[in-house]
1. In segment A:74-94, what residues are farther than 18 Å from A:Glu17 by Cβ and open to solvent by less than 30 Å² (accessible area, probe 1.4 Å)?
2. Go through segment A:11-58 and tell me which strands (runs of 3 or more DSSP E), entirely inside it, have 1 or more residues that are open to solvent by 30 Å² or more (accessible area, probe 1.4 Å), within 14 Å of chain B (Cβ to nearest Cβ) and within 14 Å of A:Val89 (Cβ to Cβ).
3. Starting from segment B:31-42, keep only residues that are within 16 Å of B:Leu77 (Cα to Cα) and touching a residue at least 12 places away in the same chain (Cβ under 8 Å), then list their pairs with residues that are of a type in the set (S, T, N, Q) and crowded, with 24+ Cβ neighbours inside 10 Å whose Cβ atoms are within a distance under 8 Å, requiring at least 6 positions of separation or different chains.
4. How many residues does segment A:59-70 hold that are of a type in the set (S, T, N, Q), out of contact with any Gly (no Cβ under 8 Å at 6 or more places or on another chain) and crowded, with 17+ Cβ neighbours inside 10 Å?
5. Hey, can you tell me all the residues within segment B:10-28 that are more than 14 Å from B:Leu77 (Cα to Cα) and open to solvent by less than 80 Å² (accessible area, probe 1.4 Å)?
6. Name the strands (runs of 3 or more DSSP E) wholly within segment B:18-109 that hold at least 3 residues that are within 10 Å of chain A (Cβ to nearest Cβ)?
7. Considering only residues that are surrounded by 18 or more Cβ atoms within 10 Å (Cβ to Cβ), in contact (Cβ under 8 Å) with a residue 24 or more places away in the chain and closer than 18 Å to B:Val74 by Cβ, which ones fall in segment B:43-55?
Amino acid sequence: KNEVEQSPQNLTAQEGEFITINCSYSVGISALHWLQQHPGGGIVSLFMLSSGKKKHGRLIATINIQEKHSSLHITASHPRDSAVYICAVEGGKLIFGQGTELSVKP
Amino acid sequence: GAGVSQSPSNKVTEKGKDVELRCDPISGHTALYWYRQRLGQGLEFLIYFQGNSAPDKSGLPSDRFSAERTGESVSTLTIQRTQQEDSAVYLCASSLRANYGYTFGSGTRLTVV
């Protein structure tokens, strides 16, 4: 079993839908990151969380340390949100999830 | 600089040639990781530098891969005699120290033809 598991692996949504991507981990961590990777391969850091909730525009990230779980939410999704979303945790070393490929259709 | 800078952002090379990828971490960051992501796969650990300690090279896939970093400065990842299987996005991340909040570069896309 991977130390960081994301679900779903693939997600197709219609423009305007509310989207949730989940990340569960099995190790103790000091921080959790959500990253966005566009088709060209470039990676953008969206959030770094150690507790609670953060919001940036239409993106919201939450973390529950006791349950070892984080969610990334996208409100009013748009085709430009189509990308791979990656969860990464800092727990002795940096460990990445396998990514969730999101496609938002107009 | 303000962030972690990787160069080049894209590199196309012929099979058998050597390539050098560069990562400029944030000034003062002692911890630095290299990862790679091959098409359709997750991010794969390559090497980890922490200050002046011996690097953790356990993720390097073959002896064609090497990486250098002097102190807290720039790191270079060198791939000798490139193969098509080396085609991937190579990602660098740095931190003030281990487990202190990593900052990610935007990656270098390497294509071996």
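The values are calculated or read from the model by the stated rules, or taken from the named source; none is laboratory data. It should be emphasised that the depicted structure is a prediction, and the values quoted were computed from it without experimental measurement. Ideal geometry is used to build each Cβ from the backbone, glycine not excepted, and the neighbour counts take in all protein chains shown. Accessible surface is based on the protein model in full, side chains and every heavy atom, while ligands, DNA and RNA are left aside. Shrake-Rupley method; radii C 1.70, N 1.55, O 1.52, S 1.80 Å.
1. Those that are farther than 18 Å from A:Glu17 by Cβ and open to solvent by less than 30 Å² (accessible area, probe 1.4 Å): A:Ile86, A:Cys87, A:Ala88, A:Val89, A:Glu90, A:Gly91, A:Leu94.
2. Answer list for segment A:11-58: A:43-49.
3. Close Cβ pairs satisfying both conditions: B:Ala31/B:Ser94; B:Leu32/B:Ser94; B:Tyr33/B:Ser94.
4. Of all residues in segment A:59-70, those of a type in the set (S, T, N, Q) come to A:62, A:64, A:66, A:70.
Add one more test, that the residue is out of contact with any Gly (no Cβ under 8 Å at 6 or more places or on another chain), and what stays is A:64, A:66, A:70.
Within this subset, residues satisfying the condition of being crowded, with 17+ Cβ neighbours inside 10 Å are A:70.
Number of matching residues: 1.
5. Answer for segment B:10-28, where residues must be more than 14 Å from B:Leu77 (Cα to Cα) and open to solvent by less than 80 Å² (accessible area, probe 1.4 Å): B:Thr13, B:Gly16, B:Ile26, B:Gly28.
6. Working: elements: B:19-24, B:31-37, B:43-50, B:65-69, B:75-79, B:88-95.
Counting at least 3 such residues, we get B:31-37, B:43-50, B:88-95.
7. Listed by number, the residues that qualify are B:Leu46, B:Ile47, B:Phe49.
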